[in-house]
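Colleague: Below are the structure tokens for one structure; questions will follow.
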Amino acid sequence: MDPHRIAQELADADELLSRASMARLAYNGLDGLPRVIPIGIFWTGDEIVMSTAATAPKVQALSARPEVALTIDAGDSPGSAKTLSVRGVAHLTIVDGVVPEYLAAARQNFDAEYAAEFERNCRAMYDQMARIAVEPRWARYYDFGAGRMPQFLAELAKKANDRGEHRATE
């Protein structure tokens, strides 16, 4: 996918990315089998960043096979459903202490008192963390309520609508 198109898809999804705290990350384990896991995210405006313990099994797996896919969803009805799908490469960095975006996500999603307690607990727990930043190679943003949907669904909807109009004129 063209880098300008990827940038446009991410820009269109900025509100979703800015509000999202969770995604589903798909990757291949060391055994070669696929995995999908829920994981906290933080959108920096340039990167989708995830964090985990440096010793987590996914760190070894992503080091060996960094190709990933992730999806971020919002909305609980067809009219409010929004989704960003991304395929790309995970870049891992082992960080001493706590990944800054991990704490930024906590400050964004928790009240100040709970975020401070969360930070204290994280700093006591983690000597090191893995920072996982996804480099998008493909991205698509859907806003179903605005009619921005996968092409195959748009074509099915148009066919159904055309059939309905045809029946109405009979």
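Colleague: Being without any contact (Cβ under 8 Å) to a residue 12 or more places away in the chain and under 18 Å from the mean Cα position of the chain (by Cα) is the filter here; which residues of region 46-72 pass it?
Modeller: Restricting attention to region 46-72, the residues satisfying the condition of being without any contact (Cβ under 8 Å) to a residue 12 or more places away in the chain are 46, 55.
Answer for region 46-72, where residues must be without any contact (Cβ under 8 Å) to a residue 12 or more places away in the chain and under 18 Å from the mean Cα position of the chain (by Cα): just 46.
Colleague: Being on the phi < 0 side of the Ramachandran plot and buried (at least 17 other Cβ atoms within 10 Å of the Cβ) is true for just one of 124, 130, 146, 154. Which residue is that?
Modeller: Every option except 130 fails the conditions.
Colleague: Then there's this: Could you give me the residue pairs with C-beta distances under 6 Å whose first residue belongs to region 110-132 and is within 16 Å of residue 100 (Cβ to Cβ) and in contact (Cβ under 8 Å) with a residue 24 or more places away in the chain, whose second residue is open to solvent by 50 Å² or more (accessible area, probe 1.4 Å) and of a type in the set (D, E, K, R) wherever it lies, and which are 6+ apart or on separate chains?
Modeller: 128/96
Colleague: Is it the case that some residue within region 106-116 is modelled with pLDDT of 95 or more, outside any helix (DSSP H, G or I) and loosely packed, with under 14 Cβ neighbours inside 10 Å? Full working, then the answer.
Modeller: Narrowing region 106-116 to residues modelled with pLDDT of 95 or more: none.
Taking every residue of region 106-116 in turn, none turns out to be modelled with pLDDT of 95 or more, outside any helix (DSSP H, G or I) and loosely packed, with under 14 Cβ neighbours inside 10 Å.
Colleague: Still on this structure, please answer the following. Listed residues 44, 52; which is in contact with a helix residue (DSSP H, G or I) (Cβ under 7 Å, 6 or more places away or on another chain) and surrounded by 15 or more Cβ atoms within 10 Å (Cβ to Cβ)?
Modeller: None of the other options fit; the residue is 52.
Colleague: Have a look at 31, 76 and point out the one that is open to solvent by 70 Å² or more (accessible area, probe 1.4 Å), closer than 25 Å to residue 140 by Cβ and either within 19 Å of the chain's Cα centre (by Cα) or not polar (S, T, N, Q) (or both).
Modeller: From the options 31, 76, the qualifying one is 76.
Colleague: Report, ordered by the first and then the second residue, all pairs with beta carbons closer than 8 Å, sequence separation of six or more or different chains, a first member in region 89-106 that is among the acidic types (Asp, Glu), and a second member that is open to solvent by less than 10 Å² (accessible area, probe 1.4 Å) and not in a loop (DSSP other than H, G, I, E, B).
Modeller: 101/49
The values are calculated or read from the model by the stated rules, or taken from the named source; none is laboratory data. Treat the numbers as computed from the prediction; the structure is a model and nothing was measured. Note that each Cβ is placed from the backbone with ideal geometry, even for glycine, and that neighbours are counted across all protein chains shown. Ligands, DNA and RNA are stripped out before the accessible areas are found, and what is left, the full protein with its side chains, is counted by its heavy atoms. Shrake-Rupley method; radii C 1.70, N 1.55, O 1.52, S 1.80 Å.
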